[in-house]
Amino acid sequence: MRDIAATDQRIVYSSITWQQFKLIQAGFAESPGIRLAYYNSTIEILMPGRDHEVFSRLIGFLIGLFCLENEIEFEPTGSMTQEREGEVSAQANESYCFGASKPIPDLVIEVVCTSGGLKKLQRYQALGVPEVWFWQDGLFSLYHLRNNHYDKITHSEIPELATLSIDLLTQCVLMAQTSRLEAAKEFRNAIKSQSV
């Protein structure tokens, strides 16, 4: 039997006003680890499980390593709340600004262990997030915002991440399930060999 703590707990309520959402959000203010999202009169309450958090941290670590090895200025903004008053609120698993700090990050990453992945694109579209990556079932799906809708892409169109191999990143995230150290070494060596 699978440990319940390893899996996500997800609750969705419809017909919620923005004012009701803000009251619920205030009620969870002292509950670290619980993520709230709001869009189109619907609130999602997510209590991430162990698998969710482990994959999120592994991906974040490897992207940070990529930036450090390539001397890319970046700001990891994690699961900070991103909002457009009265319309949308979201908390990604990982988020990043590249080059300089910005109110809306350049990239958000969502680890999807339950359902509802692609519906999250609507939230990020309303926020104007340039690029969204999903990690689900051992694969990345990348989306770039163009003309107010997301197009599926095969590699990042963020200039600072243009040389990041999504295949390499995927391989090392999967490898990290067994050994974080070996995954980091493999990732770093591959990055160094690309820049030679």
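What the table shows:
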item: Two-site label geometry, Gln19 and Glu186: point separation in nm, points 7 Å out along Cα→Cβ; result: 5.4 nm
item: Length released on extending from Glu69 to Arg50, taking residue separation times 0.36 nm less the Cα-Cα span; result: 4.0 nm
item: For the stretch 112-196, the Rg and Dmax computed from alpha carbons only, in angstrom; result: 14.7, 41
item: Rounded tilt (10° steps) of 18-27 against the dominant C-alpha axis of the chain; result: 70 degrees
item: Packing-based exposure ordering (other Cβ within 10 Å, fewest first) of Tyr124, Tyr13, Tyr150; result: Tyr13, Tyr150, Tyr124
item: Distance (nanometres) between label positions extended 7 Å along Cα→Cβ at Ile158 and Ser179; result: 3.0 nm
item: Length added when fully stretched, Ser101-Thr42, from 0.36 nm per residue minus Cα-Cα; result: 18.3 nm
item: 10 Å binning of all Cα-Cα separations within the chain, expressed as whole percents from 0 upward; result: 8, 35, 36, 17, 4, 0
item: Arg57 versus Gln194: modelled label distance in nm, points set 7 Å from Cα along the beta carbon direction; result: 2.5 nm
item: Proximal charge balance of Leu121 [Cβ under 14 Å; K/R count +1, D/E count -1]; result: +1
item: Selected from Ile59, Ile34, Gln171, residue furthest toward positive end of dipole (the chain; charges at beta carbon); result: Ile34
item: Rounded to the nearest 20 debye, dipole of the stretch 1-148 from Cβ charges on Lys, Arg, Asp, Glu; result: 500 debye
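Quick note: the coordinates plus some simple rules give every number you see, no bench work behind them. Just so we're clear, the structure is a prediction, and the values are computed from it rather than from any experiment. Every residue, glycine among them, receives a Cβ derived from its backbone with ideal geometry; neighbour counts consider all protein chains shown.
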